[in-house]
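Q: Before I ask anything, here is the structure I am working with.
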Amino acid sequence: MMRRLQLLMWTLAVPGMLLGARQLANAQLGSAGEAQATERDHQLMMDQLGIRQLRPGPSGDESAPDHANYDESKANPWPNWPDPLVLNDGRPVTSARMWRHLRRPQIVEDFEREVYGRVPANAPRVAWSVTASETERIGRVPVTASRVIGHVDNSADPAISVDIPMMLVKPAMHRGPMPVLIMFVLGPPAFPAPVPPSPDVVARMNAAMKDALVRQDPSLAEFFRTHPAWQPIATPPFFPPPRRPDDPIQQLVSDGWAVAMIDPNSVQPDNGAGLTRGVIGLTNRGAPRKPDDWGALRAWAWGASRAYDYLATDPDLDAKHIGIEGVSRYGKAALVTLAFDQRFYMGLIGSSGEGGAAPFRRNLGERVENLTGSGEYHWMAGNFLRYGASEARGGAKTAADLPVDSSELIALCAPRLTFISYGSPAKGDALWVDQQGSYMAAVAAGRVFRLLGAKDLGVGDDYQHAQMPPIDSGLLGGELAWRQHDQGHTDVPNVQYFIAWADRWMGRSPPGH
Ligand code: GCU
């Protein structure tokens, strides 16, 4: 039964980037028991921090009385954001060296302690092994698709097992080491284009199956004799159904890239109850978190870093050109990955919103108070809850008390390739994600890119008055890039721009160009 269920889940797996927010939210809901365990864990963290009351976050439902603000004139209650180029002691950061040795570590420390949590020193080792591999065709491109399982060493607590299935897809006719995009997907990543059996093999399978059925239940023989046309397994079509022309995997492999898909949920469950399981639970041996322990976003990013470790050992792949991609909550995780792990060369950060590229200090759409509620707090470090507290030991705090903001998270990615992607509110990339605020944050991060010799968006530094360019007109001239496409809560329409932009920085000419 379990196996069959697993099989079904493999079959149903779809890249997360194609899923809507509702499906993601459903996946997160879990059972009633999980919901209660989440509430208990949330309360436990409030108790640890002496928080008596949290401010409720605004509603995402525009018809609700407590709905989020969407009025730009009220969106900047705290217009001055922390300066990425001033040290904690007030000295200005004037060189790349000062940034690397002094300022960057300060910002990292603040994000780790207050926002996303720390990766513990005892984070386990991951042993990767290929469990299945075949040659498939994606469109016209032959690829080698391999299922690679990352087994997380759970000797610290054998009751908690964590295995990370990864699907690695490489174009078979590649030249030279290939760039790789690690993509966060929802559900165990499936083989992209499983090779079906030939009609001859299907016929043998059907004969064998009928025999087996008759052995199990001899009365079925009569049906098979009187209805010889019916076959348990239908012959698969000779031509597989065409993929969408904008299918990201197809675009990437056609351009000579490899793709590696992992499901964040295999690293760390997407709810508070799960914090005593997954890799976070494993390092705590099933005990609840301490206030500066890592949250799910950091754990997901850790999973991507472990995938990186494996990919960097594959001689077909170019370890210097490995990227990370994700949308929505996985867009946040992609940004966290790129920000903390400097081995990553590039990132496609899709509709990441609050906790991602959107500034905590803005009041538009989702707010800090949504992240500190029991539905999302598990993404963050426990300490982050203090910024949503109205009554607490040490007093109330707001977003304005955070030592850092999202502009500095983007700055941590500098000078590496950072593509901030959003869609159109009219098409369903709701204002909830605060596209405009995220643009301002990207502008504010620009000084750090330039200090490190990279190009930013090229629109100046006045983040407080920066206005997003129109939809479909990207700012793709620098290592820091911005593009808002005309579709919904997805990054698919931006994938072609991402590929062309990254190819240019890598100095590659894709096959056939
Ligand atoms: C909610 C949440 C967002 C998140 C999104 C998603 O809308 O408030 O922060 O990005 O779900 O991941 O689908």
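Q: Could you please find all residues in the stretch 274-293 being under 13 Å from Met45 (Cβ atoms), of a type in the set (A, V, I, L, M, F, W, C) and buried (at least 22 other Cβ atoms within 10 Å of the Cβ)?
A: Answer for the stretch 274-293, where residues must be under 13 Å from Met45 (Cβ atoms), of a type in the set (A, V, I, L, M, F, W, C) and buried (at least 22 other Cβ atoms within 10 Å of the Cβ): Leu275, Ile280.
Q: What is the number of the single condition among (1) assigned to a loop (DSSP other than H, G, I, E, B); (2) of a type in the set (Asp, Glu); (3) more than 25 Å from Arg361 (Cα to Cα) that Asp503 does not meet?
A: If we test Asp503 against (1) assigned to a loop (DSSP other than H, G, I, E, B); (2) of a type in the set (Asp, Glu); (3) more than 25 Å from Arg361 (Cα to Cα), just (1) comes out false.
Q: Quick check on my filter: what residues within the stretch 333-362 are within 15 Å of the ligand (Cβ to nearest atom) and either open to solvent by 10 Å² or more (accessible area, probe 1.4 Å) or among the hydrophobic types (A, V, I, L, M, F, W, C) (or both)?
A: Ala333, Ala334, Leu335, Val336, Ile349, Ala357, Ala358, Phe360 - these are the residues of the stretch 333-362 that are within 15 Å of the ligand (Cβ to nearest atom) and either open to solvent by 10 Å² or more (accessible area, probe 1.4 Å) or among the hydrophobic types (A, V, I, L, M, F, W, C) (or both).
Q: Restricting to the stretch 372-425, name every residue that is among the polar types (S, T, N, Q) and outside any strand (DSSP E or B).
A: The answer is Thr372, Ser374, Asn383, Thr398, Ser406, Ser407, Ser424.
Q: Keeping to the stretch 302-332, report how many residues are in a loop (DSSP other than H, G, I, E, B) and either over 19 Å from Asn370 (Cβ atoms) or away from the ligand (no atom under 16 Å from the Cβ) (or both).
A: 5
Q: Looking at the stretch 419-440, which of the residues that are in contact with a Leu (Cβ under 8 Å, 6 or more places away or on another chain) and more than 15 Å from the ligand (Cβ to nearest atom) is farthest from Gly478 (Cα to Cα)?
A: Top of the filtered list is Gln436.
Q: A further question follows. Could you give every pair whose Cβ atoms fall below 7 Å, whose first residue belongs to the stretch 337-351 and is over 12 Å from Ile322 (Cα atoms), and whose second residue is among the aromatic types (Phe, Trp, Tyr) and open to solvent by less than 10 Å² (accessible area, probe 1.4 Å), counting only separations of at least 6 or pairs across chains?
A: Between residues of the stretch 337-351 that are over 12 Å from Ile322 (Cα atoms) and residues that are among the aromatic types (Phe, Trp, Tyr) and open to solvent by less than 10 Å² (accessible area, probe 1.4 Å), the close pairs are Ile349/Phe419; Ser351/Tyr422.
Q: For a quick check of your reading of the model, give me the residue pairs whose first member lies in the stretch 391-409 and is under 26 Å from Ile349 (Cα atoms) and of a type in the set (Phe, Trp, Tyr), whose second is modelled with pLDDT under 95 and in a strand (DSSP E or B), with beta-carbon atoms closer than 9 Å and at least 6 apart or on different chains.
A: Every condition considered, no pair remains.
Q: If I ask for residues that are under 16 Å from the mean Cα position of the chain (by Cα) and either surrounded by fewer than 24 Cβ atoms within 10 Å (Cβ to Cβ) or not in a helix (DSSP H, G or I) (or both), which ones from the stretch 234-264 would you list?
A: Within the stretch 234-264, Val259, Ala260, Met261, Ile262, Asp263 qualify.
Q: Here's a follow-up. Quick one: Asp153 ticks every box in (1) touching a Pro at 6+ places or on another chain (Cβ under 9 Å); (2) open to solvent by 70 Å² or more (accessible area, probe 1.4 Å) bar one, so which box is it?
A: For Asp153, the failing item is (2).
The values are calculated or read from the model by the stated rules, or taken from the named source; none is laboratory data. Note that this is a predicted model, so its numbers are computed, not measured. Glycine also receives a Cβ, built like all others from the backbone with ideal geometry; neighbour counts cover every protein chain displayed. All accessible areas refer to the heavy atoms of the entire protein, side chains included, with ligands and DNA or RNA removed. Shrake-Rupley method; radii C 1.70, N 1.55, O 1.52, S 1.80 Å.
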